[in-house]
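Down below is the structure, laid out as structure tokens.
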Amino acid sequence: MRPNTVEISICIGMLADITNPALDVQKLPTHPTGSLEVLTVPACVRRTGMETKLLIDGAPLEHREPDRSLLRLLGQARRYKEMIMQNADVYVADLAAKAGVTRSYFTRVFRLSFLAPEITVAILQGRQPPQLAANKLMQAGVLSPLWPDQHRQLGFK
């Protein structure tokens, strides 16, 4: 591991052996002989919520699991929006107290209920940009009301 890359060393002579489904790892030599190829991949390690992830530049986004922290935020945003819609005559501070959070947190999460539908779907499917974590989404500040601007603001292209 390097700051912006991952280096993988491959012994070409052993490639056939290690791709064999019947491989017995115990029988692999500890010091293989033959030519060694080094594959360098642009990547970095990022903290995303409670986990640390290896983000590989250019890797497809379709095969990732949805980020649980982002899913939780979207669920809270929907819940807070429903609370406001059902209690139009109640102050936000009172709704926040009822939800067990501060007024500031309540309003920051509530804003997320106005995300562009494509962004919401991408998050639900785990296709958001790798750098978009829950803490970044919460710190995004006031999101643009224009969906194309939200795409740019949050790193969607």
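A few remarks follow.
- Counted residues, region 61-97 - those being assigned to a loop (DSSP other than H, G, I, E, B) and surrounded by 11 or more Cβ atoms within 10 Å (Cβ to Cβ): 6
- Extreme residue, farthest from Y80 (Cα to Cα), among residues of region 91-106 that are within 29 Å of the chain's Cα centre (by Cα) and of a type in the set (F, W, Y): Y105
- Failed criterion for L143 (all others in (1) modelled with pLDDT of 90 or more; (2) more than 13 Å from the chain's Cα centre (by Cα) hold): (1)
- Subset tally (residues that are among the small types (G, A, S), part of a helix (DSSP H, G or I) and surrounded by 14 or more Cβ atoms within 10 Å (Cβ to Cβ)) for region 98-140: 4
- Matching residues in region 119-135 - criterion: being polar (S, T, N, Q) and either in contact with an Asp or Glu (Cβ under 6 Å, 6 or more places away or on another chain) or within 21 Å of Y105 (Cα to Cα) (or both): T120, N135
- In region 61-79 there is at least one residue matching the filter, namely being modelled with pLDDT under 80 and of a type in the set (A, V, I, L, M, F, W, C).
The values are calculated or read from the model by the stated rules, or taken from the named source; none is laboratory data. It should be emphasised that the depicted structure is a prediction, and the values quoted were computed from it without experimental measurement. A quick note on method: Cβ atoms are made from the backbone with ideal geometry, for glycine too, and the neighbour counts reach across all protein chains shown.
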